[in-house]
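Working notes, beginning with the structure itself.
The values are calculated or read from the model by the stated rules, or taken from the named source; none is laboratory data. All values derive from a computational prediction rather than experimental measurement. Don't worry about glycine lacking a Cβ; one is built from the backbone with ideal geometry, like all the others, and counts go over all protein chains shown. SASA here: full protein model, heavy atoms, side chains in, ligands and nucleic acids out. Shrake-Rupley method; radii C 1.70, N 1.55, O 1.52, S 1.80 Å.
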Amino acid sequence: MWIKRHRAWEPPESSATPESAWRARRRIIKTFGVGAAVLGLDTGGARATLLGRLLKSGTQGNEESIVIPDVPWNDQLPAERNGAYQLDRALTPEAVNATFNNFYEFGSHKEIWEEAQALELSPWQIKIDGMVENKITIDVEELIRRMPLEERLYRLRCVEAWSMTIPWTGFPLAELIKFAKPLSGAKFLRMEAFMDKDVARGQTQPWNPWPYVEGLTLAEATNELAFIAVGTYGHTALKQHGAPLRLAVPWKYGFKSIKSIVRFTFSAERPVSFWEELQGTEYGFWANVNPGIPHPRWSQAREEIIHTGEKVPTKLYNGYAEQVGHLYKNINLPDEVLYR
Ligand code: MTE
């Protein structure tokens, strides 16, 4: 995610290399060697294109990044694939997906996989609270063992205009909601990620409103597509993908899919999400994918498939309009609010 910070002392953007560009340049040089430096990078937006080109030309990420966590619930995976969720494109190679991540707790760049290995997954407590009958703190292992696991193939469309396709293993969020038994006044679900500054250096950045928080309406959270992933590529989810529990809501921009959740809170009031608090005009609460509503600083009409570099048209609700379109039919909000 690219944040624009306006500070009085900063030179105009036109006179300097944007931070995203030099960070990207440093990172790509680190990953792919000097060949990338020769190609050069001029804008943050070029980063994904270049990465795609490099990967297409033979670099398939770093296999060492696929570190399957050693956790007691490993025996629960793989799970049977639910054939209802089909893709229109190839799966992203795992080594690519495992080395190109957004997980700001471990740094505001894409190569966080090594830092993320510091996350301890067991024991890991999940708190369910707020307007529910079944207020409970439960070990994640027990929760996973209670839930019906299945595999689903989903697309992921990032607000930065790139996309991936991922085989998730997990359970419908609706199952967790059934377990929690919300009270009749509950309208929203707030999800909160772990907080541990000793493990996650990004959380020492005081300008970010930690912990990472996301929210859905209960109608969205109980939609068949809303999924809690505990696995990727047929095994326990990698730490960089948000183990032990991570949301997958494929009709929304990727930032809604909160990683490494520790708390689910049911409420009558809409929660304020991490990005909404940081830059709400660019990364809103609803964040439904819509190619017709540009981000204030770039178009959302197309997306780059991250491992091929191919640019393809983005679809309304990321291609999931049939499943979720009805949720937004009677919501009287400007498009810039619903789709940003
Ligand atoms: N969850 C947490 N806790 N912290 C984050 O920084 N980044 C989000 C989302 N979930 C993020 C998060 C963003 S911006 C995206 S695009 C996706 O995770 C990326 O998921 P991936 O790294 O598995 O592709």
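Of the strands (runs of 3 or more DSSP E) that lie entirely inside the range 226-327, those containing 2 or more residues that are away from the ligand (no atom under 12 Å from the Cβ) span 227-232, 261-267, 302-305, 311-313.
Set side by side, the residues Leu216, Leu149 differ, and just one is away from the ligand (no atom under 16 Å from the Cβ) and touching a strand residue (DSSP E or B) at 6+ places or on another chain (Cβ under 7 Å), which is Leu149. Scanning the range 299-338 for residues that are farther than 22 Å from Ala221 by Cα and open to solvent by less than 50 Å² (accessible area, probe 1.4 Å) yields Gln300, Ala301, Glu303, Glu304, Ile305, Ile306, His307, Thr308, Gly309, Val312, Thr314. If you go through the range 234-269 and keep only what is β-branched (Val, Ile, Thr) and out of contact with any helix residue (DSSP H, G or I) (no Cβ under 7 Å at 6 or more places or on another chain), you end up with Ile258, Ile261, Val262, Thr265. Screening Thr222 with (1) at positive phi; (2) surrounded by fewer than 19 Cβ atoms within 10 Å (Cβ to Cβ) gives one miss only, at (1). Is there a residue being crowded, with 18+ Cβ neighbours inside 10 Å, within 14 Å of the ligand (Cβ to nearest atom), more than 14 Å from the chain's Cα centre (by Cα) and not in a loop (DSSP other than H, G, I, E, B) anywhere in the range 63-75? For the range 63-75, residues crowded, with 18+ Cβ neighbours inside 10 Å, within 14 Å of the ligand (Cβ to nearest atom), more than 14 Å from the chain's Cα centre (by Cα) and not in a loop (DSSP other than H, G, I, E, B): present.
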